[in-house]
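The values are calculated or read from the model by the stated rules, or taken from the named source; none is laboratory data. What you see is a predicted model; the values in this text were computed from it and never measured. When we count neighbours, we look across all protein chains shown, and the Cβ atoms used for this are built from the backbone with ideal geometry, even at glycine. The protein model used for the area step is the full one, side chains on, heavy atoms only, and it has no ligands, DNA or RNA in it. Shrake-Rupley method; radii C 1.70, N 1.55, O 1.52, S 1.80 Å.
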Amino acid sequence: MITYNEKLRVFKLDTKNSSYVIGVFEQNYLLNLYYGAKIPDANLWKNAMRIKSASFSPSNPHFPHENYSVDVLPMEYPCNGSGDFRISALAIKNSDGNTVTDIRYISHKIYKGKPSLAPLPYIYLNNYDEADTLEILTEDKVTGVKVTLFYTVFNEIDAITKSVNVKCGENAVDIERIFSSCIDFPAMDFDFITLYGRHAKERCREQRKLAHGIQGIASKRGVSGHSQNPFAALVRHDGTEEHGDAYGINLIYSGNFEISAECDYSGTTRLIAGINPTDFGWRLESGESFQSPEAVLVYTDKGIGEMSRIFHRLYTHNLIRGKYKYEKRPLLINSWEAAYFNFDTDKLVSFAKEAKSLGIDMLVMDDGWFGKRNDDTNSLGDWFVNEEKLKGGIGELVERVNSIGMKFGIWYEPEMISPDSELFRAHPDWLVHVPNREPSIARNQYVLDVSRADVRDNIFNQMYDVISKHNIEYVKWDFNRNISEAGSALLPKERSKEFFHRFILGTYDLMDRLTKAFPDILFENCSGGGGRFDAGMLCYSPQIWTSDNTDPIERLSIQFGTSMCYPASTMGAHVSACGRTGFGTRGNVALWGTFGYELDPTKLTEDEKIAVREQISEYHKYYDLIHYGGLYRLIDPYFDSFRCAWGFVSSDKSEALFTAVIMRRIESGLFILKLAGLDKDKFYKNESDGEIYSGALLMNSGVNLTNIIRNDGDSVKLHFTAV
Ligand code: DGJ
């Protein structure tokens, strides 16, 4: 619900359990008065007034009190160069050549529903009365630039989305910084949680105390990237999974981003999130406008676990789109780790036959089927079949796989081009490049300039040709390098800083066209494992390959980190031939995700085949619980290097599945696992031994696992049903 109190000049944005309050201050500055647990009233003016005590903070000469300064007030959307020396959310270079920017409140609109941000990906509503929207119109008087701040507030989910639109006045301007969200907290006793990583070790949790000055995370890679994810949380120092204030922020954006926190001398914290201003700029001619990506904010006073569950609910129902939002996804086996580039039709058909007998639904042919590709040195961009490898073409392969009763999926890397490809020889200027510099190469490939419509048309047509002619039911969309020497042959030099954002808009356009052309296909995003695992991509593919690291022990920290804001249904997770643990633990870890296989099924022993059949029946049994239940992280590998445990509880708390893993054996260690998320007043049957316990006992005393799992790599699942 959103209200405006005219007397107080205060906007109040309420979700079920949180309030966000904005005030219109003297001289029409917008102040960020409050964000936190729900409060009934709105008079927060006294708490927001901060008298300047820093050196030389400037004052607006028309303020009623000479000690007020925008340098210390909690600003709702702080601008560059007009008296607030902290990090700013907006900087616009005007026709005089300076970047002094100063926006003030003009008017507002409150309405039911939420506007579309297309062509950007965004959170959508299923019913228009699920949420309310506030649009605050502001203006920079000197330049005539109009800035609209958008806020959408969900009634049943404790989330708020924010974005910003800038419209040019009479004279052209250049946007130099535009952040999607800013919050000014009146405290700095927070830990900053972020997700760092690299290839094969993505999204590991990192937690640090905020300190005075600016700290933050960013990507300049052209994509969100392996190194940092566009997610951050602020939690109190003593916050836990189940207790304490937790503020989460996630960008629905797949390009260069920045999330920074600045703590000033007086102990306040400004948190901003949006497009990375480094190498960004956008020219607006008279009447043109620019829309920022969307930021999702979540607040709860029930700890980090509840923050994650709120993100998971929102993303499951209001971010993921299409047929596979709720429809059960096919269980697949992927050829990559089984064959790499070394396959032919007969080999793939032999995989399909064996997989079918095990209960798998779909065979996915990974990299290596096109051009003359037998390794990673060539053919990206030549999306026609390699007939030498696949005799009879894709048609014969798909028919043979389908006749076994298996579905068929295929791999693409649409935004890439190999120097050794027909596409490159025909269009050497189609790669991302800048004049007079030799482009760097990575994995033997360049990046295609998908900011260009002609390039996108070519790739779309090539893909359409193959996919429309065959019964293809799944596409893995890969992206195996980052962007350097960033530029487009078509962009005039005064617009060169627009390249990175235009590249992402081009990517979204291509994905939008393909997903609309093939609404029944399941798309899975991928980028050298999980190098583009972000909420923007989830608008086009309901699942993303989480990591090339399929070692179940390594996967634990990756999946724990990823789960900070992304639900289990989005995490591509496969059982592979990696022998670090037994088959059981590999399956138990992959169950916390989409579940599938990444191995040669013809090489499985009879015992392994029995284990696979058992895993597949469990996948079906627990599918709804894992995809739609609430996640409880019980023992996080960030805190414990020996053991790890998590669980899923159904929304009515009638069923739960918990999993515990011994990562490294502790000699004579007692292991009593306290469960979470159950109804303390309900009684539950432990399905493995038939014993009945109260939810209160299971959560407060726990389950003794000491003699159940002991050795490195052991794991156990505990399934409870309410009686
Ligand atoms: C990187 C992906 O993460 C892998 O799963 C596989 O598809 C390779 N690319 C193929 O080149």
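Summary table
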| item | result |
| --- | --- |
| Output for the stretch 436-462, where each listed residue is surrounded by fewer than 22 Cβ atoms within 10 Å (Cβ to Cβ) and closer than 20 Å to W369 by Cα | R443, N444, N458, F460, N461, Q462 |
| Some residue of the stretch 476-496 being within 15 Å of F370 (Cβ to Cβ), of a type in the set (F, W, Y) and free of Cβ contacts under 8 Å to residues at least 60 places away in the same chain | no |
| Residues being within 18 Å of the chain's Cα centre (by Cα) and either farther than 15 Å from I459 by Cβ or open to solvent by less than 30 Å² (accessible area, probe 1.4 Å) (or both) - total across the stretch 506-521 | 3 |
| Residues of the stretch 701-714 that turn out to be in contact with a strand residue (DSSP E or B) (Cβ under 6 Å, 6 or more places away or on another chain) and within 16 Å of L675 (Cβ to Cβ), as a count | 6 |
| Checking G582 against (1) small (G, A, S); (2) within 23 Å of S563 (Cα to Cα); (3) surrounded by fewer than 18 Cβ atoms within 10 Å (Cβ to Cβ), the condition it does not meet | (2) |
| Residues of the stretch 529-549 that turn out to be within 16 Å of the ligand (Cβ to nearest atom) and open to solvent by 10 Å² or more (accessible area, probe 1.4 Å), as a count | 2 |
| Complete set of residues in the stretch 1-56 that are polar (S, T, N, Q) and in a loop (DSSP other than H, G, I, E, B) | T15, N17, N43, S53, S55 |
| Any hit, the stretch 503-517, residues being more than 16 Å from the ligand (Cβ to nearest atom) and closer than 13 Å to R221 by Cα | yes |
| Residue check for S357: among the polar types (S, T, N, Q), within 16 Å of the ligand (Cβ to nearest atom) and within 30 Å of H627 (Cα to Cα) | no |
| Sole exception among (1) within 16 Å of the ligand (Cβ to nearest atom); (2) in a loop (DSSP other than H, G, I, E, B) for D520, by number | (1) |
| Filter result for R425 (assigned to a helix (DSSP H, G or I), without any contact (Cβ under 8 Å) to a residue 24 or more places away in the chain, open to solvent by 10 Å² or more (accessible area, probe 1.4 Å) and over 30 Å from R400 (Cα atoms)) | yes |
| Among (1) assigned to a loop (DSSP other than H, G, I, E, B); (2) free of Cβ contacts under 8 Å to residues at least 40 places away in the same chain - the single one R208 does not satisfy | (1) |
| Within the stretch 78-118, tally of residues that are surrounded by fewer than 23 Cβ atoms within 10 Å (Cβ to Cβ), of a type in the set (S, T, Y) and in a loop (DSSP other than H, G, I, E, B) | 4 |
| Matching residues, the stretch 474-497, being under 23 Å from the mean Cα position of the chain (by Cα) and either assigned to a helix (DSSP H, G or I) or within 15 Å of G409 (Cα to Cα) (or both) | Y474, V475, K476, W477, D478 |
| Failed item, numbered, when N471 is tested on (1) closer than 27 Å to F384 by Cβ; (2) part of a helix (DSSP H, G or I) | (2) |
| Meets criteria (at pLDDT below 95 and either over 24 Å from the mean Cα position of the chain (by Cα) or open to solvent by less than 70 Å² (accessible area, probe 1.4 Å) (or both)) for I666 | yes |
| Residue match in the stretch 123-142 (condition: of a type in the set (S, T, Y) and not in a strand (DSSP E or B)) | yes |
| I214 being touching a residue at least 60 places away in the same chain (Cβ under 8 Å), within 29 Å of E498 (Cα to Cα), under 23 Å from the mean Cα position of the chain (by Cα) and assigned to a strand (DSSP E or B) | no |
| Matching residues in the stretch 159-178 - criterion: being touching a Phe, Trp or Tyr at 6+ places or on another chain (Cβ under 8 Å) and open to solvent by less than 20 Å² (accessible area, probe 1.4 Å) | A159, I160, T161, K162, S163, V164, V166, I175, I178 |
| Search result, residues across the stretch 700-723 that are out of contact with any Lys or Arg (no Cβ under 6 Å at 6 or more places or on another chain) and surrounded by fewer than 17 Cβ atoms within 10 Å (Cβ to Cβ) | N700, S701, N704, T706, N707, I708, R710 |
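Conditions (1) assigned by TED's automatic domain parsing to the domain that holds Y151; (2) exposed (fewer than 14 other Cβ atoms within 10 Å of the Cβ); (3) at pLDDT below 95, marked per residue:
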{"site": "T15", "(1), (2), (3)": "yes, no, no"}
{"site": "S18", "(1), (2), (3)": "yes, no, no"}
{"site": "V21", "(1), (2), (3)": "yes, no, no"}
{"site": "F25", "(1), (2), (3)": "yes, no, no"}
{"site": "Y29", "(1), (2), (3)": "yes, no, no"}
{"site": "N32", "(1), (2), (3)": "yes, no, no"}
{"site": "I51", "(1), (2), (3)": "yes, yes, yes"}
{"site": "S59", "(1), (2), (3)": "yes, no, yes"}
{"site": "P64", "(1), (2), (3)": "yes, yes, yes"}
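Yes/no per residue for (1) more than 30 Å from L397 (Cβ to Cβ); (2) basic (K, R):
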position	(1), (2)
D449	yes, no
I459	no, no
I467	no, no
I472	no, no
K493	yes, yes
F499	yes, no
D520	no, no
F523	no, no
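Quick grid of which residues meet (1) crowded, with 18+ Cβ neighbours inside 10 Å; (2) assigned by TED's automatic domain parsing to the domain that holds D191; (3) modelled with pLDDT of 95 or more; (4) of a type in the set (G, A, S):
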site: P277; (1), (2), (3), (4): yes, yes, yes, no
site: E294; (1), (2), (3), (4): yes, yes, yes, no
site: G303; (1), (2), (3), (4): yes, yes, yes, yes
site: W336; (1), (2), (3), (4): yes, no, yes, no
site: M365; (1), (2), (3), (4): yes, no, yes, no
